[in-house]
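Here is the structure we will look at.
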Amino acid sequence: MDFEKFDEGHAEGEEKLVFHYNREERIKNAPQNVQDYYSGRMKTGAPGLFRSLVATKTNRFIFVAIMIFAAVIFFHGFFGNKPYSKNVNGIPFELKVSGIENTVYVLLSAGNALAKYDYSAGNQFDGELFFLDSEGNVIDSQKINFNYSGQSVELRTKYNDYDIIRKVRAQIDIKSKVVVLEAPAERR
């Protein structure tokens, strides 16, 4: 669209304003750094993402701090305390809970015992499963017991949910120690 046909920029009865613009004249009178920028001779910042992250001392400090924080978060997420998995008296325990439609399925597994612990004679472990709502209130509980002889054992159970259960807590008594595991009910 050609805007020269529009008469704007002045009041009625006055003459039209005339603007003169000459780029070369403006650049010729500009400071040297502006002239270098427009001619392409000016050296710009470091190209590339990594070079810009380490271009100055402050950038390097921030970059190293971010890398340290990311490493700590990754390390804690990978090796940190998991409430659904514990190792007690050489026995690795794990609790998995999933909800499908109106049923919550619970899998409590006790893995192979470490060699320095002797469970070959067989041991009776008793415990209880607690079904919790979103506020942590106990909705219902089930008694559990299983024989453990050092080899992997899985205990499976299910519970009618009706969308109330949010977590399951397992409490197992092992030779005067109590293991408490807690896992959220993952909806599928």
### Flag if Val106 is under 30 Å from Phe130 (Cβ atoms), modelled with pLDDT of 85 or more, over 24 Å from the mean Cα position of the chain (by Cα) and open to solvent by less than 60 Å² (accessible area, probe 1.4 Å)
yes
### Task
Hey, can you tell me all the residues within segment 137-151 that are of a type outside the set (A, V, I, L, M) and in a strand (DSSP E or B)?
Asp140, Ser141, Gln142, Lys143, Asn145, Phe146, Asn147, Tyr148
### Message
Being closer than 17 Å to Arg156 by Cα and modelled with pLDDT of 85 or more narrows it down to one residue among Phe125, Phe131, Phe69; which is it?
### Response
Phe131
### Summary
Those residues of segment 138-151 which are touching a strand residue (DSSP E or B) at 6+ places or on another chain (Cβ under 8 Å), surrounded by 12 or more Cβ atoms within 10 Å (Cβ to Cβ) and within 20 Å of Leu114 (Cβ to Cβ) amount to Phe146, Tyr148
### Message
Being part of a strand (DSSP E or B), open to solvent by less than 90 Å² (accessible area, probe 1.4 Å) and touching a residue at least 24 places away in the same chain (Cβ under 8 Å) is the filter here; which residues of segment 161-179 pass it?
### Response
Lys167, Val168, Arg169, Ala170, Gln171, Ile172, Asp173, Ile174, Val179
### Task
Could you tell me which residue of segment 118-127 is farthest from Ile165 (Cα to Cα), considering only residues that are open to solvent by less than 40 Å² (accessible area, probe 1.4 Å) and in a strand (DSSP E or B)?
Asn123
### Message
Given the condition out of contact with any Asp or Glu (no Cβ under 6 Å at 6 or more places or on another chain) and within 30 Å of Asp161 (Cβ to Cβ), answer yes or no: does some residue in segment 56-78 qualify?
### Response
yes
## Note on the structure
From the option list Phe79, Phe63, Phe93, single residue qualifying as in contact with a Leu (Cβ under 8 Å, 6 or more places away or on another chain) and either within 21 Å of Glu182 (Cα to Cα) or of a type in the set (S, T, N, Q) (or both) is Phe93
### Query
Looking at segment 78-85, is at least one residue of a type in the set (Ser, Thr, Tyr) and open to solvent by less than 90 Å² (accessible area, probe 1.4 Å)?
yes
### Message
Going by what's in this entry, would Glu154 be described as part of a loop (DSSP other than H, G, I, E, B) and exposed (fewer than 14 other Cβ atoms within 10 Å of the Cβ)?
### Response
no
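Residue-wise test of (1) on the phi > 0 side of the Ramachandran plot; (2) free of Cβ contacts under 8 Å to residues at least 40 places away in the same chain; (3) of a type in the set (A, V, I, L, M, F, W, C).
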{"site": "Gly40", "(1), (2), (3)": "yes, yes, no"}
{"site": "Arg60", "(1), (2), (3)": "no, yes, no"}
{"site": "Ile66", "(1), (2), (3)": "no, yes, yes"}
{"site": "Ile73", "(1), (2), (3)": "no, yes, yes"}
{"site": "Phe78", "(1), (2), (3)": "no, yes, yes"}
{"site": "Lys96", "(1), (2), (3)": "no, no, no"}
{"site": "Ser109", "(1), (2), (3)": "no, no, no"}
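The values are calculated or read from the model by the stated rules, or taken from the named source; none is laboratory data. Being a predicted model, the structure only gives us computed values, none of them experimental. Cβ sites come from the backbone with ideal geometry, for glycine too, and all protein chains shown count toward neighbours. Note: accessible area is taken over every heavy atom of the protein model, side chains too, but ligands, DNA and RNA are not part of it. Shrake-Rupley method; radii C 1.70, N 1.55, O 1.52, S 1.80 Å.
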